[in-house]
Ligand code: GLV
């Protein structure tokens with residue numbers, strides 16, 4: 001592991017974020033770090049974890065902390081799944097493969113985004129663990145169907161369908177940094193923005209050695225081949241999915257479906273109705289509709305409504321293992337995290353992702369011991385205090 005991400009330089013995810021900021025051109029770092037509009041939801045996701053406080057049981061010895069959980073019937077070494085992160089190959093050469101390999105090595109699952117630069121077959125081959133495929137309908141139904149077939153053949157064990165992208169959120173940092181121009185093919189439009197690439201010669205050299213601007217290898221347009229790289233805003237403008245689409249998606253996939261982007265108990269019920277096996281309480285890391293509630297606040301409402309019918313995951317704002325513990329206390333089976341590992345990827349490739357996972361794992365064990373809780377299975381609301389005024393599960397469930 002490179003010294004730049006070892007202790008004591010990097011002790012937590014925020015340290016990885018700082019290293020990534022030094023390594024990456026602004027346009028790439030801000031793509032990871034930024035949210036929509038005023039980034040209120042993005043910040044609120046993190047703040048929600050700060051607002052929940054612990055109620056430890058002291059003078060209790062917890063010699064062995066088993067972190068294993070089962071998600072969709074698969075055993076993970078800890079309750080963490082790497083979330084789909086678009087454009088990871090811009091963060092580090094063959095970024096999706098590097099992240100999947102680190103996840104597999106750590107015994108956790110990796111989710112590949114449709115908006116990725118590496119072929120989904122190569123990503124599955126890079127991991128010795130569980131891989132999930134996240135599908136957007138970019139490129140249309142036939143294009144999605146061919147990706148679904150390929151994902152099945154390559155051994156992906158769950159299909160994640162993201163439902164909160166009727167259009168892309170207003171990501172002002174991407175617009176200001178010229179993400180669209182830099183990723184487009186008109187040389188003249190790039191010129192006002194290229195200086196930010198030149199200030200990161202290490203990244204630029206790695207990027208060029210990796211082949212430069214890549215294609216969306218898993219969005220293969222019939223008769224045309226892989227879609228040319230575009231900025232994510234343009235790609236998502238074309239990606240709306242509806243509950244009706246779930247029918248053909250389900251039929252084509254035939255395996256477990258995970259609905260990602262549930263903000264309310266009503267949509268959680270929809271996810272159950274369409275036969276999904278898991279859902280992710282997610283606001284896309286605050287990258288879509290700014291002003292929605294932080295995910296941790298929504299979680300109890302969803303767990304109370306459908307927690308006995310579907311596996312409930314949550315993402316958004318996970319920066320510490322103690323955040324994972326809080327999510328589990330509020331009923332999540334496991335969490336997904338995107339930025340936490342993407343900072344690691346930008347900082348040092350696969351080694352940075354491995355470091356992010358290692359940090360979260362060590363945090364988890366320490367937090368359980370300090371809480372006097374012998375196992376994840378025993379975490380519940382008695383280990384935390386939730387701010388007055390937060391909806392509790394029962395009050396928020398419209399079905400009572
Ligand atoms: C892709 O899904 C993104 O949020 O950038």
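Values for this structure:
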{"read-out": "Residues satisfying the stated conditions in the stretch 89-109, i.e. in a loop (DSSP other than H, G, I, E, B), at negative phi and either within 16 Å of the ligand (Cβ to nearest atom) or more than 16 Å from the chain's Cα centre (by Cα) (or both)", "value": "92, 93"}
{"read-out": "Count of the stretch 121-146 residues which are more than 17 Å from the chain's Cα centre (by Cα), in contact (Cβ under 8 Å) with a residue 60 or more places away in the chain and closer than 23 Å to residue 92 by Cβ", "value": "1"}
{"read-out": "Cβ-Cβ under 8 Å pairs, at least 6 apart or on other chains, the stretch 157-182 side under 24 Å from residue 108 (Cβ atoms) and touching a residue at least 60 places away in the same chain (Cβ under 8 Å), far side within 13 Å of the ligand (Cβ to nearest atom) and part of a helix (DSSP H, G or I)", "value": "162/284; 164/284"}
{"read-out": "Residue among 237, 188 that alone is in contact (Cβ under 8 Å) with a residue 40 or more places away in the chain and either more than 17 Å from residue 143 (Cβ to Cβ) or within 16 Å of the ligand (Cβ to nearest atom) (or both)", "value": "237"}
{"read-out": "Residue satisfying condition, being in contact (Cβ under 8 Å) with a residue 40 or more places away in the chain, over 25 Å from residue 310 (Cβ atoms), away from the ligand (no atom under 16 Å from the Cβ) and over 17 Å from the mean Cα position of the chain (by Cα), within set 56, 8", "value": "56"}
{"read-out": "Criterion (farther than 20 Å from residue 259 by Cβ, away from the ligand (no atom under 16 Å from the Cβ) and over 18 Å from the mean Cα position of the chain (by Cα)) met by exactly one of 205, 151, 179", "value": "205"}
{"read-out": "Matching helices (runs of 4 or more DSSP H) fully within the stretch 134-244 where at least 1 residues are closer than 23 Å to residue 82 by Cβ", "value": "141-154, 172-177, 179-183, 201-209, 232-236"}
{"read-out": "Among (1) within 14 Å of the ligand (Cβ to nearest atom); (2) more than 25 Å from residue 123 (Cα to Cα); (3) at pLDDT 95 or above, the one test that residue 263 misses", "value": "(1)"}
{"read-out": "Filter result for the condition that a residue is surrounded by fewer than 24 Cβ atoms within 10 Å (Cβ to Cβ), in contact (Cβ under 8 Å) with a residue 40 or more places away in the chain, touching a strand residue (DSSP E or B) at 6+ places or on another chain (Cβ under 9 Å) and not in a loop (DSSP other than H, G, I, E, B), over 272, 280, 303", "value": "303"}
{"read-out": "Unmet requirement for residue 331, which otherwise passes all of (1) touching a strand residue (DSSP E or B) at 6+ places or on another chain (Cβ under 7 Å); (2) within 30 Å of residue 91 (Cβ to Cβ)", "value": "(2)"}
{"read-out": "Matching residues in the stretch 368-380 - criterion: being closer than 14 Å to residue 79 by Cα and either in contact (Cβ under 8 Å) with a residue 12 or more places away in the chain or not in a helix (DSSP H, G or I) (or both)", "value": "368, 375, 376, 379"}
{"read-out": "Test: residue in the stretch 241-258 that is surrounded by 13 or more Cβ atoms within 10 Å (Cβ to Cβ), modelled with pLDDT under 95 and farther than 15 Å from residue 162 by Cβ", "value": "no"}
{"read-out": "Filter result (more than 13 Å from the ligand (Cβ to nearest atom) and in contact with a helix residue (DSSP H, G or I) (Cβ under 9 Å, 6 or more places away or on another chain)) within the stretch 167-176", "value": "175, 176"}
{"read-out": "Qualifying residue in the stretch 10-28 (condition: modelled with pLDDT under 95, out of contact with any strand residue (DSSP E or B) (no Cβ under 9 Å at 6 or more places or on another chain) and surrounded by fewer than 21 Cβ atoms within 10 Å (Cβ to Cβ))", "value": "no"}
{"read-out": "Residue within the stretch 70-88 that is assigned to a helix (DSSP H, G or I) and either at pLDDT 95 or above or at positive phi (or both) present", "value": "yes"}
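To keep it simple, each residue is scored yes or no on (1) under 23 Å from residue 113 (Cβ atoms); (2) modelled with pLDDT under 95.
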residue	(1), (2)
174	yes, no
178	yes, no
182	yes, yes
187	no, yes
196	no, no
199	no, no
206	yes, no
213	yes, yes
218	yes, no
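The values are calculated or read from the model by the stated rules, or taken from the named source; none is laboratory data. It should be emphasised that the depicted structure is a prediction, and the values quoted were computed from it without experimental measurement. Methodologically, a virtual Cβ is constructed for each residue, glycine included, from the backbone with ideal geometry; neighbour enumeration extends over all protein chains shown.
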